[in-house]
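Have a look at the structure below, then the notes.
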Amino acid sequence: MEQPVIHGGNVYRAARLLSRDPSDLCDFSASINPLGVPLAARRVLQTAINKVQHYPDPEGMVLVQAIAARHGIAPDNVLLGNGTMELIYAFPAALNVGHGLILGPTFSEYERVLTLAHARVTRIVARSENDFRPPVHEVLEQLEQPPSFGSGKRRLPIDAVFLCNPNSPTGHGVSRNSVYRLLEAVKRQRGCLIVDETFVEFCEEKSAIQRAVRDDSLLVLRSFTKFYGIPGLRIGYVVGTAKSLRGIRDRLPPWSVNALAQEAALACLQDHRYRKRTLLFIQKERPVFRLALERIPGVRVYPSSANFFLVELPGPLTSHQVRVTLMERGYLVRDCSNYPGLHERMLRFAVRTSRENARLVKHLQHVVQAQP
């Protein structure tokens, strides 16, 4: 019996199920830049192969300095990881998290790392009637409640709040001022606010990086995966104060970021033309793709600040049915029914090239119109 794919982007599993080559599949399930690997990174990967005969720089200092320069911060405020996933898995122990609060529906690994660390998990979930806007006000109300240690229902203080901004899979983001309001409320609990800015390059005005370098209670995650289209190299970083990063660094394995990933990431940062092309492309293609999806009868498309859309299907269709049908036609989409707070008719579509988007819309329209 087929098991649901936990994360998007598993083209290898889909290819095995279909007995096809992964290159034959069009992947809308992972929100990766459709422009492909930056030319600068392709070139450096071809010439940097000799670097693999040495251990990589364990601190990745050249890359760290480039990241710091990009954000106008000090190198001591940057810590590399083997993707942001490695950093997220280090947080519970490094921050001594006994109780974490998650703004959902969102990336499942936040809850998984807390569960593995035997921490209590509280979810506050956005609702469809509000277009899945992150429920900041509800979180603030929760944080304002004093911890209770007496008889009856026991409420532990909240040690960490996880916010994905803009959020995946819903696409909504919160303003920088809202992030700062959350931060002040978290600080009153003596906790830490963790902001995952994996998609923030598409709405840079929401970034909280500048505050993270001077506030021990704020950590900001960034990734090269989505914007620069290099998920296979696994590289990301966290920005914080030197004090806040120290405990995280102590829990990372040595040499976790390989030499080729460091070289490619450095080349990505220096490829300003690619960055400009990407932003212009998404700004142009995102509204076109959204309008085409909205023209399919019964389909609801939620607003997005990122390079993907959360889509609600008309009943009686289910996301599982549509995902399987589209996969058989060579198109991979993200079934979002397993996100707490979403239901069995939710899908997420990445924004890809104009031609690919048009083809997906055509196939989706056929599936919707074929229902009884």
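Summing +1 for each Lys or Arg and -1 for each Asp or Glu among the other residues whose beta-carbon sits under 12 angstrom from that of Phe289 gives +4. The spacing between the range 248-315 and the range 334-372, judged by their C-alpha centroids, is 17 Å. Under 5 Å between amide hydrogens, built in the peptide plane, is the criterion, and for Val161 it picks out Leu101, Cys192, Leu193, Ile194 among residues at least 5 positions away or on other chains. Shape class for the range 48-169, computed from the alpha carbon gyration tensor (a ≥ b ≥ c): prolate, with a/c not under 1.5 and a/b above b/c.
Ranking of Arg20, Arg300, Arg334 by neighbouring Cβ atoms within 10 Å, starting from the fewest: Arg20, Arg300, Arg334. When the chain is treated as a Gaussian network with alpha carbon springs shorter than 10 Å, the biggest mean-square fluctuation among Lys276, Lys362, Lys243 belongs to Lys276. Around Arg329, with a cut-off of 12 angstrom between Cβ atoms, what is the net charge of the other residues, counting Lys and Arg +1 and Asp and Glu -1? Local net charge: +2.
Ala350 sits among other residues whose Cβ lies under 10 Å from its own Cβ, and their net charge, with Lys and Arg +1 and Asp and Glu -1, is +2.
Consider the candidate values [x] 125; [y] 166; [z] 153; state which one is volume of the Cα convex hull per residue in Å³ computed from the structure displayed. Here volume of the Cα convex hull per residue in Å³ agrees with entry [z]. Largest GNM mean-square fluctuation among Gln145, Gln262, Gln210, using the chain with Cα springs under 10 Å: Gln145. Take the residue pairs Lys226/Lys362; Lys206/Lys284; Lys206/Lys362 and return only those whose Cα atoms are more than 30 Å apart. From the list (Lys226/Lys362; Lys206/Lys284; Lys206/Lys362), the Cα-Cα distance tops 30 Å for Lys206/Lys362. Each of Ile296, Ile67 has some number of other Cβ atoms within 10 Å of its Cβ, and from fewest to most they run Ile296, Ile67.
Legend: ranking of residues Glu205, Glu59, Glu111, Glu197 from fewest to most surrounding C-beta atoms inside 10 Å; resulting order Glu205, Glu59, Glu111, Glu197.
About its Cα centre, the chain has a charge dipole of approximately 380 debye under the convention of +1 per Lys or Arg Cβ and -1 per Asp or Glu Cβ, with nothing else charged. Helical content alone sets the calculated 222 nm signal of the chain at -12000 deg cm²/dmol, taking -39,500 (n - 2.57) per DSSP H segment of four or more residues and averaging over every residue. Listed by chain and number, the lysines whose alpha-carbon sits under 21 Å from that of Lys243, ignoring those within fewer than 8 places in the same chain, are Lys187. The listed peptides 346-359, 246-259, ordered by packing as a protection proxy, come out as 346-359, 246-259 (highest mean of other Cβ atoms within 10 Å first).
Values in this text are rule-based calculations from the coordinates and carry no lab data. No experiment lies behind these values; they were computed from the predicted model shown. All Cβ positions, even for glycine, are placed from backbone atoms using ideal geometry, and neighbour counts span all protein chains on display.
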